1. What's the longest bit of the chain with no exposed trypsin sites (Lys or Arg not before Pro), using DSSP loop states and at most 11 other Cβ atoms within 10 Å as the test?
2. Say the dipole of the chain comes from +1 at the beta carbon of Lys and Arg and -1 at that of Asp and Glu; which of A137, I11, V34 then lies farthest toward its positive end?
3. Cα convex hull of the chain: mean projected area in nm², to one decimal?
4. What dipole magnitude, in Debye to the nearest 20, does region 49-134 give about its Cα centre under +1 on Lys/Arg Cβ and -1 on Asp/Glu Cβ?
5. Just tell me which aspartates and glutamates come within less than 17 Å, Cα to Cα, of K104; anything on the same chain fewer than 8 places away is out.
6. Out of M99, I163, N77, whose Cα points farthest toward the positive end of the dipole of the chain (charges: +1 Lys, Arg; -1 Asp, Glu; placed on Cβ)?
7. Would you give the gap between the C-alpha center of region 1-52 and the C-alpha center of region 143-171, rounded to a whole Å?
8. Report, for the chain, the % of DSSP beta bridges that are antiparallel, rounded to 5.
Amino acid sequence: MSEKIPNPNTIYPIAGYEKEIYVKPTVKNPNIIVGDFTYIADSEFESHVTHHYDFIGDKLIIGKFCQIAAGVEFVMNGANHQMNAVSTFPFYTLEGWNMKSPAKSDLPFKGDTVIGNDVWIGQNAVVLPGVHIGDGAIIGANSVVGSNVEPYTVVVGNPAETIRYRFDEELTSLLLKFKWWDKSIEEINTLIPVLTNSDLETVKRELKGMLEGM
């Protein structure tokens, strides 16, 4: 049993290894909000968030305990070009062209990108602007996610599509009510045998009992 207490403000959670970091303590951009213990398999995070411009004001919000593989990219709204005119060429961004910035209403704006808790995003996946990914979802490697993802589903492909639900409706509902990721570190440590148990009927019974006692 480890005597160390997990610390969400640690940058390198694996001693002597710098290619996996907890994201939250490294983020400097106020429009990127990341929960405790979310990690990326890289030595830094913000370069994985592209086209994220202050004048647009969109946010990337990621929950707790997410697992982000190497090569994942979060494409923000600044990547979008004007599509309601004859040309999509962004003259206004380039030197020497006689064009003022288009009105925000003329640019496709998808809103904030929101990732839930305990989401696993596979290697080289791309998350497009404004996507909402639910708690417990799994995003397959090399997927391009352009639409919302339901909690506890597995999506793969380009465009990413749901291939299955991870659990039945009852267990999914119990997990969304229980919200283990919001518990204290001490509580989560005691819950690990339940969270890592592949006997899902036993997990259901355990969660029901704990929910009744809350």
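Coordinate-derived values only; no laboratory data. None of these values were measured; they are calculated from a predicted model. We place every Cβ from the backbone using ideal geometry, glycine too, and count neighbours over all the protein chains shown.
1. Excluding the exposed sites themselves, the longest stretch runs over 101-214.
2. The one lying farthest along the dipole's positive direction is V34.
3. Projected area, direction-averaged: 14.8 nm².
4. Details: 5 positive and 7 negative charges, 23 e Å.
With only Lys, Arg, Asp and Glu charged at Cβ, the dipole is about 120 debye.
5. Those aspartates and glutamates meeting the cut-off are D54, D58, D112.
6. Sorting the options by dipole projection puts first M99.
7. Between the Cα centre of region 1-52 and that of region 143-171, the gap is 25 Å.
8. Looking only at bridges with both residues in the chain, the antiparallel portion is about 20 percent.
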